[in-house]
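Only the coordinates and a few stated rules stand behind these numbers; no lab work does. Note that the coordinates shown come from a computational prediction; the quantities given were computed from them, not determined experimentally. Using ideal geometry, Cβ is built from the backbone for each residue, glycine included, and neighbour counts are taken over all protein chains shown.
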Amino acid sequence: MTSSPALDDAVAAIAGRRPLLVASDYDGVLARLRDDPAAAVPEPGVAEVLARLAAVEGVTVALVSGRGADDLRRTSGLSGPFRWIGSHGAEYDGPLVGELAGRRDELARRLEPLVAGTPGARLEVKPVGVAVHVRQVADRERAAALLAEARQHADSSLTMKPGKDVLEMAVTDADKGSALRRLVVDLGAAAAVYLGDDVTDEDGFRALGPDDVTVKVGAGDTAARFRVAGLADAVALLGKLADRLV
Ligand SMILES: O=P(O)(O)OC[C@H]1O[C@H](O[C@H]2O[C@H](CO)[C@@H](O)[C@H](O)[C@H]2O)[C@H](O)[C@@H](O)[C@@H]1O
């Protein structure tokens, strides 16, 4: 595990604090990235470690994902007394409907022909936006061109959320940072942990305090305090935290 003594110390320092928020991104942290988003199931040990954490008095486990909350539950197959935060924070405690769905559908209609013209590209219609996926576009220049062109279809009311082989265009300005701040306030959390791997997780890292444990999973620039190399390390870190909480 590419942990560090400093990370171990930080985990030890917050382990006794209550209420404690333990939050994690899903894709790229708890589930390996796959060509098919529906195939991104949790890594071995994830269900067990989340259940251990959530069973501790005063500890709240939250899954904070760019996926719609229903998609997150369905794809992960996870269940437990977790907080389910979907659509990059826009789905905080339940689905969003109404006028937002109309704007999303109009956006999807505009993007459909563009995406259909790029072999391998896929348009995902989400609760509060659409995502243009290019993971399976073999021609990488074409993939980049498609994402650039998709951006040109955006007006200033949309929020751009670039990620790994994906550009999401959201009809809200919610982000993972505001969702985490809201969770901290709602729970009265004395400390928080957040693990993430992608661009949208940077809002989450920046939103937490200097003593909170923010962990970037994998390579790339980050505002997180700590880094681990990959998914197995992330699961092991959660296990270490669970060991310390008992
Ligand atoms: O915030 P996250 O939990 O990390 O969700 C971000 C996006 O995850 C999914 O897309 C990503 O994972 C897919 C499955 O591995 C992969 O095929 C895709 O290339 C990745 O971008 C999901 O489909 C999106 O809706 C989420 O926003």
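So for region 99-170, taking the charge dipole from beta-carbon charges (+1 Lys/Arg, -1 Asp/Glu), which of VAL132, LEU114, HIS153 sits furthest toward the positive end? Checking the options against the dipole of region 99-170, the answer is VAL132. Both radii come from the Cα set of the chain: Rg as radius of gyration, Rh as Kirkwood radius; their ratio Rg/Rh reads 0.98. Specify the angular offset, from 0 to 90 degrees and rounded to the nearest 10, of the alpha carbon long axis of helix 5-14 from the longest principal axis of the alpha carbons in the chain. Once rounded, the angle reads 80 degrees.
The angle between the Cα long axis of helix 140-152 and the main principal axis of the chain comes to about 80°, on a 0 to 90 degree scale. Full extension of the chain between ALA39 and ALA154 gives 38.5 nm of extra length, using 0.36 nm per residue less the Cα-Cα distance.
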